[in-house]
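Asks: I'd like to ask you about the structure that follows.
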Amino acid sequence: MLPLTVRAHAAGSHQGKGWEQFTDAIIQKISDELDGIVFLLWGNYAQKKGQKIDRSRHLVLEAPHPSPLARGGFKNCKHFSKTNDYLLSMGKSPIQWNLNSEK
């Protein structure tokens, strides 16, 4: 099985190996069968995949890719706090984003 990650200094090296169909199917299934999911779509490629998401049932947050190669805009998107605000509004537990901090 090939990894879903990108090889160092080889942007897009995970593409064209079948992952596109797999991730499309997963996104569609989650969107269709669950409610109140937060989708974080970072970068143009992810945002195109967001076309499959039912935005009336889920929160979709979009921002430029956080890669240092991207032209910025991610830094102040506040996706982590917006995610937790949404989860709390849905009666769900917030995400502990900083794994190094104590609960």
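The values are calculated or read from the model by the stated rules, or taken from the named source; none is laboratory data. Note that the coordinates shown come from a computational prediction; the quantities given were computed from them, not determined experimentally. Neighbour counts run over all protein chains shown; Cβ positions are idealised from the backbone, glycine included. Each accessible area value is taken on the protein alone, full model and side chains, heavy atoms only, with ligands, DNA and RNA left out. Shrake-Rupley method; radii C 1.70, N 1.55, O 1.52, S 1.80 Å.
Asks: Going through the stretch 31-50 one residue at a time, which ones are among the small types (Gly, Ala, Ser) and touching a residue at least 40 places away in the same chain (Cβ under 8 Å)? Step through it out loud before you land on a result.
Replies: Here is the first cut: in the stretch 31-50, the ones among the small types (Gly, Ala, Ser) are 31, 36, 43, 46, 50.
Listed by number, the list holds a single entry, 36.
Asks: How many residues, within the stretch 51-103, are open to solvent by 100 Å² or more (accessible area, probe 1.4 Å) and under 23 Å from residue 29 (Cα atoms)?
Replies: Residues that pass the stated criteria total 3.
Asks: Under 8 Å between Cβ atoms, which residue pairs at least 6 apart in sequence (or on different chains) link something in the stretch 1-30 that is farther than 15 Å from residue 45 by Cβ with a partner that is at pLDDT 75 or above and of a type outside the set (Gly, Ala, Ser)?
Replies: Going by the 8 Å Cβ cut-off, the qualifying pairs are 2/19; 28/52; 30/37.
Asks: Could you tell me how many of the residues in the stretch 37-60 are in contact with a His (Cβ under 7 Å, 6 or more places away or on another chain) and either assigned to a loop (DSSP other than H, G, I, E, B) or small (Gly, Ala, Ser) (or both)?
Replies: 2
Asks: Kindly indicate whether residue 31 is under 15 Å from the mean Cα position of the chain (by Cα), assigned to a helix (DSSP H, G or I), at pLDDT 95 or above and exposed (fewer than 13 other Cβ atoms within 10 Å of the Cβ). Steps first, answer last, please.
Replies: Values: under 15 Å from the mean Cα position of the chain (by Cα): yes; assigned to a helix (DSSP H, G or I): yes; at pLDDT 95 or above: yes; exposed (fewer than 13 other Cβ atoms within 10 Å of the Cβ): no.
It is false that residue 31 is under 15 Å from the mean Cα position of the chain (by Cα), assigned to a helix (DSSP H, G or I), at pLDDT 95 or above and exposed (fewer than 13 other Cβ atoms within 10 Å of the Cβ).
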